[in-house]
Amino acid sequence: MKAIVTTGTGGYEKLACREVPVPVPAHGEVLIEVLAAGVNNTDINTRLGWYSSAVRSGTVQADDGAERSDGGWNAALRFPLIQGADCCGRIVAAGSEEDAVRIGERVIIRSCMRTRGFGHMETVWLGSDFNGAFAQYVKAPAAEVFAVDCNWTSEELASIPCAYGTAENMIERAGIGKGAQVLVPGASGGVGSAVVQLAKRRGAKVIAITSAGKSDVVKDIGADKVLARGDDFVAALGKESVDVVIDNVAGTAFGHLLKVLRRGGRYVSSGAIAGPIVELDLRDMYLKDIALIGCTAWDEPVFQNLVSYIEAAEIRPLVAATYPMERIAEAQAAFGQKEHAGKIVLLPGA
């Protein structure tokens, strides 16, 4: 089969289109023909070795072609690796008779898997810790593979797992409900646009921050108010004006985001695309009883929730563009420019 093999940390030259063996599912696993595979920050961060503590800049600035031996959050990554955290596909084989009845199902794969069950926080990620969806076929544990009954395109379904799983997990952890005032920086990206839709689904009021040219798109998916990136949002909203900030941007805006949180508010994050090193005034945190919530391991209800939302037609992702799998470098370059709204998706069969 054809696959995009990442040969090490560094630039686009580390992405090689190769012929590799089709994986063979073991007992408890299924083999999936990949119909579409979304592009995510985590794929690019892993290729760049961005999770190394030596990296202090945002994802775009870290794209310097450097090799980093500790790029898996201060641990070594194993190469060669087939990346790809997002997969929509069809089950074509199974490692056991009990799972063979699922052959033919169109499915999505839970990107974040709890290795010791939901009572523990250890995780492995599709496309980072083992081979992922940037290939014509991928194998995965059957319990992590979810059938979805809907009329969506495969490109739309491939936009769901990583971004919407991350977004729903943050919303769950923050306890967002009806009437909550939620601020979402980076609201036009894959995770940000998912947060807007999923928070609105729960009855929250969503204030979005995005570039001026994407304001209408973000309003169309449900944002109640949109601020332009670079605006003084503390002045625009006022101090202590929102209940929750869901932020995957970080960088220099971090301290200002705490200013707009009310007493007892929650700041929730699962990323830092503008830079992981931030300035924190502890007085903003403790004098206002703010909770800082980090989110990586997905909680048990998250993925089942997403499948139910899809099947009930309660959400719909934004697909910005599709690329043949062989043009992955071009797709990732477009992703890094952040001129799109929603998700960029690769098509292995194109």
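The values are calculated or read from the model by the stated rules, or taken from the named source; none is laboratory data. Everything numeric in this text was worked out from a predicted model, so none of it was measured. Glycine gets a Cβ as well: all are built from the backbone with ideal geometry, and neighbour counts include every protein chain shown. The protein model used for the area step is the full one, side chains on, heavy atoms only, and it has no ligands, DNA or RNA in it. Shrake-Rupley method; radii C 1.70, N 1.55, O 1.52, S 1.80 Å.
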With the requirement that a residue be part of a loop (DSSP other than H, G, I, E, B), of a type in the set (A, V, I, L, M, F, W, C) and either open to solvent by less than 40 Å² (accessible area, probe 1.4 Å) or in contact with a helix residue (DSSP H, G or I) (Cβ under 7 Å, 6 or more places away or on another chain) (or both), what does segment 238-288 give you? Val249, Ala250, Ala272, Ile273, Ala274, Val278, Leu280
Which listed residue is among the polar types (S, T, N, Q) and open to solvent by 30 Å² or more (accessible area, probe 1.4 Å), from Thr166, Thr123: Thr123
Selection count, segment 193-215, where residues are open to solvent by less than 10 Å² (accessible area, probe 1.4 Å) and either at pLDDT below 95 or not hydrophobic (A, V, I, L, M, F, W, C) (or both): 2
Restricted to segment 321-348, and to residues that are part of a helix (DSSP H, G or I), surrounded by 18 or more Cβ atoms within 10 Å (Cβ to Cβ) and of a type outside the set (A, V, I, L, M), which residue is modelled with the highest pLDDT? Gln332
Output the residue which, of all residues in segment 299-320 that are touching a strand residue (DSSP E or B) at 6+ places or on another chain (Cβ under 7 Å) and not in a loop (DSSP other than H, G, I, E, B), is surrounded by the fewest Cβ atoms within 10 Å (Cβ to Cβ). Val307
Subset of segment 216-237 [surrounded by fewer than 20 Cβ atoms within 10 Å (Cβ to Cβ) and in a strand (DSSP E or B)]: Lys225, Ala228
